[in-house]
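Each reported figure results from applying straightforward, stated rules to the coordinates on display, with no laboratory input. Remember, it's a predicted structure, so these values are computed and weren't measured experimentally. Every residue, glycine among them, receives a Cβ derived from its backbone with ideal geometry; neighbour counts consider all protein chains shown.
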Amino acid sequence: MAGNIKTMTEGKPLKLIFSFALPLMIGNVFQQLYTVVDTMVVGQVLGVNALAALGASDWLNWMILSVIQGFAQGFSILMAQEFGAGHIKRLKKVVGNAVCLSAICAVVLLILGESIVVPVLGLLQTPGKIIGQSALYLRIMFAGIPVVMAYNLLASILRALGDGKAPLHAMIVAAVINIVLDLLFVMGFRWGIAGAAAATVIAQLSSSIYCYIHIRKVEILSLSREDFRLEKNLDWKLIFLGLPMALQNAIIAVGGMIVQTVVNGFGVIFIAGFTATNKLYGVLEVAATSYGYAMITYAGQNLGAGKIERIKKGMKSAILVAIATAAIIAVCMLVFGHEILGCFISGTPEEVEMTMNIAYHYLAIMSICLPILYILHVVRSALQGMGDTLLPMVSGIVEFAMRTGTAILLPMAIGEEGIFYAEILAWMGADAILVSSYLVRVKKLDRMNKKEGGWIG
């Protein structure tokens, strides 16, 4: 076998999970550079209005991206299970069918995304002076949907086989390209917000190409034409895994858009401050999503191998390391938050001060509550890796209800600050569903294991 693929069914769970998550973590940091660098360049070069335009487009952009990620992650669950079980022939069939389904999904999302840009921005009550820039940014980003789908699928295939290093290298390459092109297009060519979007799409294309080249080197993924022939039962299984995850992400994104609608009603300065912190949200979350990816692969492979006790041990280890990581990140943000946020904000002294106060207040609240988010990612991903995508979707619905309810009602009681607690209460609601679901799921698998004298996935 060429490449860095490896099994997670043997060895110490903590070491395996952390060693798998670490390159993903670094890779996700570089991935976040896409948006962070865009935000820095736009905020510093183009000013508060452009920064607000970028923020107004955030949730719609993230909704499409998260649907893509949901399908890719869902497809990878079955890949990890087949790899863990040693069913290589079946693995190749799963990969081939996943490629076909992903292509169909990309076309549908491309058409949908381009058609809803202006109507949705209008529904979000985007201020008139920034709606044109927001629409332009989104149209360019959505034009890159096929390459985004390609990267996410290819990276998910590699991760399902235990390779977290190739996606890391892809992200490093893409981040460097994105930074260079941001400076060239926005500062050099003066293309404005369109230049930032174009730089991101080109960078994403480079990461897709890198992963494709790497996959070609993996001998067990040498696919034949027959592997791409759609198989009805298999396709429905893949859709059953991928669709709930995509819907879960879409529901969360819709909740975010409702929050953005409320934020948009507070004016451009508040939008800019909220945007600056929201761009750091990805950085705050980066380790959590990495542990999540690790748990999908870990739980999936061990389920395929019928090793339920290893899943439980891995969960305990992942929770401990996730909470410790969240605490470290929280302290860093509380101490250095002003300096970091300052990289995103420019304007008159009065504008900068007002925007900074809003941004840091929001950042402090999120940082203190960060362990709640980290537990959410670990538990949700473990459930998904075990093939349960429906209850995580239910948690997404609860998250939606808590986020939107808080965003709409709390500002009425305590003012603009109320919007800052929407995320926190959403995380808490999701955690309540996920933790209880995990405990029930594990007990069920234990019963099956005892009843059948050794359960096989």
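Listing His338, His214, His361 from fewest to most neighbouring C-beta atoms within 10 Å gives His338, His361, His214.
Can you sort Arg90, Arg310 from fewest to most other Cβ atoms within 10 Å of each residue's own Cβ? The partial results should precede the final answer.
Working: Arg90 16, Arg310 21.
The fewest-first ordering by Cβ neighbours comes to Arg90, Arg310.
Taking θ as phi - 60° and the Karplus parameters 6.51, -1.76 and 1.60, the scalar couplings of segment 207-220 work out to 5, 5, 4, 4, 5, 4, 4, 5, 5, 4, 8, 7, 4, 6 Hz in sequence order, x denoting glycine and proline. Here the 3J(HN,Hα) profile of segment 40-48, calculated from phi with Karplus coefficients 6.51, -1.76 and 1.60 at θ = phi - 60°, is 4, 5, 5, x, 7, 8, 9, x, 5 Hz, Gly and Pro shown as x.
Considering segment 341-411 at the alpha-carbon level, its Rg and Dmax are found to be 17.4, 53 Å.
Could you run the Debye sum over the Cα atoms of segment 103-252, one equal point scatterer each and no solvent, and tell me log10 of I(q)/I(0) at q = 0.09, 0.16 Å⁻¹, two decimals? Treating every Cα as an identical point scatterer, log10 I(q)/I(0) equals -0.38, -1.07.
Could you sort 102-111, 200-209 so that the peptide with the highest average Cβ count within 10 Å comes first and the rest follow in order?
Numbers: 102-111: 16.8, 200-209: 22.3.
Per-residue Cβ counts within 10 Å, averaged per peptide and sorted highest first, yield 200-209, 102-111.
In order along segment 325-332, the Karplus-derived 3J(HN,Hα) couplings, from 6.51 cos²θ - 1.76 cosθ + 1.60 at θ = phi - 60°, round to 5, 4, 5, 5, 4, 4, 4, 4 Hz, and Gly and Pro are given as x. Local charge for Lys316 was computed over the other residues whose Cβ lies under 14 Å away, with Lys and Arg +1 and Asp and Glu -1, and equals +4.
Where nothing but the Cβ of Lys and Arg (+1) and of Asp and Glu (-1) is charged, how large is the charge dipole of the chain around its Cα centre, in debye to the nearest 20? List each step's numbers first, then the result.
Numbers: 32 positive and 26 negative charges, 411 e Å.
Dipole magnitude for the chain comes out near 1980 debye.
Enclosing the Cα atoms of segment 206-265 in their convex hull gives a volume equal to 137 cubic angstrom per residue. For helix 370-385, what angle does its Cα long axis make with the longest principal axis of the chain, in degrees from 0 to 90 and rounded to 10? Its long axis makes an angle of about 40 degrees.
Over all projection directions, the Cα-based convex hull of segment 261-334 averages an area of 6.6 nm².
In the chain, the longest principal axis of the Cα atoms and the axis of helix 128-143 are about 30 degrees apart. Relative to its Kirkwood radius, the Cα radius of gyration of segment 319-457 gives an Rg/Rh of 1.13.
Per DSSP helix of 4 or more residues, -39500 (n - 2.57); summed, then divided by the residues of the chain. What does that give at 222 nm, rounded to the nearest 500? Working shown, then result.
Numbers: 14 runs with 373 residues, N = 457.
Per the formula, -29000 deg cm²/dmol.
Taking only the Cα atoms of the chain, the ratio Rg/Rh comes out at 0.96, with Rh defined as the Kirkwood radius. Each listed q (0.11, 0.17, 0.18 Å⁻¹) maps to a log10 I(q)/I(0) for segment 21-128, found by the Debye formula over equal Cα scatterers with no solvent: -0.55, -0.99, -1.05. A simple count of charges around Ser224, restricted to other residues whose Cβ falls under 12 Å of its Cβ and scoring Lys, Arg +1 and Asp, Glu -1, yields +3. FRET efficiency for the pair Lys12 and Ala324, taken as 1/(1 + (r/R0)^6) with r the Cβ-Cβ distance and R0 = 25 Å, rounds to 0.90. Percent of Cα-Cα pairs more than 14 Å apart in segment 118-173, please. I get 66 percent for the Cα pairs in segment 118-173 exceeding 14 Å. Sorting Arg139, Arg225, Arg159, Arg190 from the fewest to the most surrounding beta carbons within 10 angstrom yields Arg225, Arg190, Arg139, Arg159.
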